[in-house]
Amino acid sequence: MLKNFLKIAYRNLLRSKGFSALNISGLAIGMASAMLILLWVQDEFSYDNFYPNNDRLMVAWNRDKWDSEIKCWSSTPKILGPTVKKDMPEVEKETRVNWGDNLLMTVGEKKLTIHGTCVDPDFLTMFGFPFIYGDTKTALNDPTSIVLTHKMAVKLFGSDDAVGKVIKVDNKNNYKVSAVIKDMPGNSRFGDYEFLLPWAFMKANGNDDSSWGNNSTMNYIQLKQNVSLDAINKKISDITIKHEGPTASTHVFLYPLGKMRLYSDFKNGLPSGGRIETVKVFSIIAIFILLIACINFMNLSTARSEKRAKEVGIRKVAGALKQSLIAQFLAESIIIALIAGILALGIVAISLPAFNTLTYKQMAVGYGSIYFWLTFIGFIIFTGILAGSYPAFFLSSFKPVSVLKGAFKKAHALVTPRKVLVVMQFTFAIILIISTVIVEQQIKYAQERENGYNRNNLVYVFMAGDIEKNYEVIKSDLMGQGIATSISKTSSPITQSWSNTWGYEWKGKPANDKTIINDFCSDGNLVKTTGMTIIQGRDIDLKKYPGDSTSAILNEACVKAMGFKNPLGQVIKNGADYQIVGVVKDFIIESPYDPIRPIVIRGPKGWFNVIHIKLNGNATTAQNIAGMEKVFKHYNPEYPFEYHFTDKEYAQKFDDEKLTGTLAALFGGLTILIACLGLFGLATYMAENRIKEIGVRKVLGASVAHITGLLSKDFLKLILISFVIASPVAWYAMNKWLKGYDYHTPVNWWVFAIAGITAIVIALLTISYQAIKAAVANPVRSLRTE
């Protein structure tokens, strides 16, 4: 029987090559699209969920009340991890992980700046990254040891067997390679780290402290077997208050590491979702794209019902049971699904590198896994049955007497399910069109928001090596050679906030005020360098005002938060007294979608990590960069020259939304393409079903335009119905999405109009071929049997 099924399926495919190609290509595109999305979804769910002890790995979080709302954040004191390991028997292991550093690694004449982090010895056993060389348990015990990834070991030493070899780190001290691990996977929060240093490196560089008020690192905790998370959270809750004193009010809680990627949003102290919402949306898109591809199969298969009706009739007369006919048609659809699936794998293989680049991931298809092939076979069978079920029951229901007498007519009721399916297709397509436009609007809306400073010709350089020591001469040379028009040393890039605190004091501050203030430091001329707008007072300038080492500038939001009516001359305190000398217009230092936080720009009595340089606009960018490189190479020869354009850094703040918009547009376009194939199939069916009616109309004098309009009218009704259904659904979904942003665009009516018009134009272009073809056909051919 199987041999017979295969033979008949093969003959039917060859008999209608064009139909078969259309059917298979539509199904292949839909399957490939679904596979790509599901790969992305699987990668998101696997993120930080593959560690050996994952069910016992926790992240320490803080919880406190500000402005009548409970806030949560994941940076905690450096002392927290060692303390809970020492004092709480429920804790098996702990490690601190700093935010990551770019350090110069020197091996002989080879110098590379690479990204890595400092951790405690338990890190390697907690997360279980595979070792190539070295001992997991002892690799980080020596304070002068370093662990490299395989890729970095090869870069530095030409071989991954680097254990025992020496690296000069940051041009200061030598560290011995104690282990080489496999490259960190992309679906890990540690995926971009290329080296691991012991926490002792932090101590040696003065970056460690025992303050319970300094929330500046990530603490990871591994619980012992069978420890209740609720029980340990009750025990750990007051640990900061116990050590910091009664003035503290911050509570600590542990949160499962496996939930951090998808469920990291908190509202009023409780988990409220997060990235999981995006994952759900794209999972739904994958399901609908596959469903739309299957709908195409149904439409195209039933459009050929006339041609296969006599085959069904003869088979039934010859004794074929309905069940065997259903099995035959399902077998055919599964064979078509198999061919489409193989093509889909090819499409995925070709497009996956570009898709990885688009999504910033390292996804791969597991061709070597038996589970992949079992899943693939199941996917094929599921798709084949889903796509072939309606045609199978539809075709097998034909009555042989009516068919063989030539009196076979398709009842009007049988058309309704197909129309419903096409409405479903275009409803989803219109929803995606609307969503794509609104996402693009939101990005544009935020991009056009006034950011408060001038990004043009503004670059920054991190203060590595001898830059800090030679800062004044570097500054003098850059200004003297006309490369820069202004320079300012700061604590962080103007596009990032590296420090915030509620520790500022000012006259009239309420006792329970916990306003979070971004802490920013400058040695002067920051307003001139960045192009900020002074509203009151002046810039910090040590040359004109030697006392400006303890001066401060506030932004508008900070003046409002502190309640100052006349801020100039007021004194604020944070370790020292700072006199306010200026107020600047609010500028964006964090997300352009969020309200601007209060910012204090402190004078030179602070800390510095970055140099901001305003390049001379009279020279080309290439000339300025070449001149900068010579100056920095002269005064900091041991380090490679690295610089960052502020406008590019600012543009990266829109990456997540751009990715969402791009994916929605990409898969929306594919959805429309697949839906048009289905519409083409329905147009073929309609023209075939009404061929004699068209012939009669032509004989009676109907024009080609009239008949074309007559056939197109039915399809336009379907598109309009789709638009009516899609509009409120898209409005609800996008309003809910936009509410996740404090600063967002309104939903405009014309977006829906554009989507509707686009759908109608695409539909008309799709059906016009079949409509015109039917309208210009010779009526003699269709009426000769009457």
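The values are calculated or read from the model by the stated rules, or taken from the named source; none is laboratory data. Only a predicted model underlies this, so the values are computations on that prediction, with no experimental measurement involved. With ideal geometry, Cβ positions are generated from the backbone for all residues, glycine too; neighbour counts draw on all protein chains shown. Only protein heavy atoms, including side chains, enter the accessible area calculation; ligands, DNA and RNA are left aside. Shrake-Rupley method; radii C 1.70, N 1.55, O 1.52, S 1.80 Å.
Figures for the structure shown
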| read-out | value |
| --- | --- |
| Cα-based equivalent ellipsoid of the chain: semi-axis lengths in Å, sorted from largest, via gyration tensor | 63, 33, 26 |
| Ordering of 151-161, 225-235 by burial proxy (mean other Cβ atoms within 10 Å per residue, highest first) | 151-161, 225-235 |
| Förster-model FRET efficiency, 56 Å R0, Thr501 and Ile287, C-beta, rounded to 0.05 | 0.75 |
| Protection-proxy order for peptides 34-40, 99-105, each taking the mean of Cβ atoms within 10 Å per residue, highest first | 34-40, 99-105 |
| Mean Cβ count within 10 Å, highest first, over the residues of peptides 328-334, 617-623 | 328-334, 617-623 |
| Label point 7 Å beyond Cα of Lys203 along Cβ direction - residues of the range 121-144 with amide nitrogen under 12 Å | 121, 142-144 |
| From phi via Karplus (6.51, -1.76, 1.60), per-residue ³J(HN,Hα) for the range 431-445 in Hz, x at Gly/Pro | 4, 5, 4, 4, 4, 4, 5, 5, 4, 5, 4, 4, 4, 4, 4 |
| Set of the range 593-611 residues, backbone N closer than 16 Å to the point 7 Å along the Cα-Cβ line of Asn454 | none |
| Placed amide H near Arg538: partners under 5 Å, 5+ positions off or other chain | Gly582, Val583 |
| Separation in nanometres of the label points that stand 7 Å from Cα toward Cβ, at Glu642 and Lys137 | 3.6 nm |
| Rounded, prolate or oblate (a/c below 1.5 giving rounded, otherwise prolate when a/b exceeds b/c) for the range 438-507 by Cα gyration tensor | oblate |
| Modelled FRET efficiency - R0 22 Å, Asn748 with Ser272, Cβ distances, 0.05 increments | 0.20 |
| Computed log₁₀ I(q)/I(0) - Debye formula, equal Cα scatterers, no solvent, the range 466-557, q 0.10, 0.16 Å⁻¹ | -0.34, -0.82 |
| Estimated translational D of the range 46-91 in µm²/s (Stokes, Kirkwood radius over Cα pairs; 37 °C; 0.692 mPa s) | 252 µm²/s |
| 222 nm mean residue ellipticity, helices alone, for the chain (DSSP H n ≥ 4; -39,500 (n - 2.57); rounded to 500) | -16500 deg cm²/dmol |
| 3J(HN,Hα) from dihedral phi, the range 661-676, Karplus parametrisation 6.51/-1.76/1.60, rounded to Hz, x for glycine, proline | x, 5, 5, 5, 5, 4, 6, x, x, 5, 4, 5, 4, 5, 4, 5 |
| Probe 1.4 Å, all protein chains present, accessible-area order of His706, His115, largest first | His706, His115 |
| Calculated FRET value between Thr247 and Lys172, using beta carbons and R₀ = 41 Å, to 0.05 | 0.60 |
| Share of carbon and sulfur in the accessible heavy-atom surface of the chain [1.4 Å probe, %] | 58 percent |
| Ratio of Rg to Rh over the range 102-168 (Cα coordinates, Kirkwood Rh, two decimals) | 0.94 |
| Accessible surface, 1.4 Å probe, highest first, among residues Ser211, Ser145 | Ser211, Ser145 |
| Greater than 31 Å apart at Cα, pairs in Lys469/Lys528; Lys172/Lys605; Lys78/Lys614; Lys475/Lys653; Lys444/Lys543 | Lys78/Lys614; Lys444/Lys543 |
| Average accessible area per residue (Å²) across the chain - probe 1.4 Å, nucleic acids and ligands excluded | 46 Å² |
| Estimated inter-spin distance, Ser351 and Lys630, nm [label 7 Å along Cα→Cβ] | 5.0 nm |
| Computed label-point distance, nm, for sites Ala702 and Ser75 using a 7 Å Cα→Cβ extension | 7.3 nm |
| Shape call, the range 147-222: gyration tensor on alpha carbons, a/c limit 1.5 | oblate |
| Residue-by-residue Karplus 3J(HN,Hα) for the range 124-138, coefficients 6.51, -1.76, 1.60, Hz, glycine and proline x | 5, 7, 5, 9, x, 5, x, 8, 9, 9, x, 10, 4, 6, 10 |
| Relative compactness, the range 571-639, computed as alpha-carbon Rg over 2.2 N^0.38 Å | 1.61 |
